[in-house]
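Q: My questions all concern the structure below.
What follows draws every value from the coordinates through simple rules; no lab data is involved. Note that this is a predicted model, so its numbers are computed, not measured. Ideal geometry is used to build each Cβ from the backbone, glycine not excepted, and the neighbour counts take in all protein chains shown.
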Amino acid sequence: MGSFSIWHWLIVLLVVVMIFGTKKLRNMGSDLGGAVKGFKDGMKDAGGNNADASAASSAPAAQVTGQPANSDKTIDVEARQKS
């Protein structure tokens, strides 16, 4: 009762292929593989040698243009209560 034979697994595999189809299963497999690869790359970047990230975070913030940071993009509003 606790262990399935190879024939049981082949029947289950056949039913799954009949329900989902090979194209959908292939797409799901490639999506899962891409997600695992992205996760591994993210873990490597977070835990590994991230000299670029530490150098960028320690550098002072530089302005791209000669204008102050809050010019022409700040909207001055006044909040009023409804009466």
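Q: Residue separation times 0.36 nm, minus the C-alpha to C-alpha distance between Lys44 and Glu78: what's the value?
A: Working: separation 34, 0.36 × 34 = 12.24 nm, distance 4.78 nm.
Length gained, Lys44 through Glu78: 7.5 nm.
Q: Given points 7 Å out from each Cα along the Cα-Cβ axis, report the Phe4 to Ala35 separation in nanometres with one decimal.
A: It works out to 2.1 nm between the two label points.
Q: To make sure I understand, if each residue's beta carbon is the centre and we count other beta carbons within 10 Å, what order do Arg80, Arg26 fall in, fewest to most? Spell out each step's value before the answer.
A: Values: Arg80 6, Arg26 11.
Least crowded to most crowded, the residues run Arg80, Arg26.
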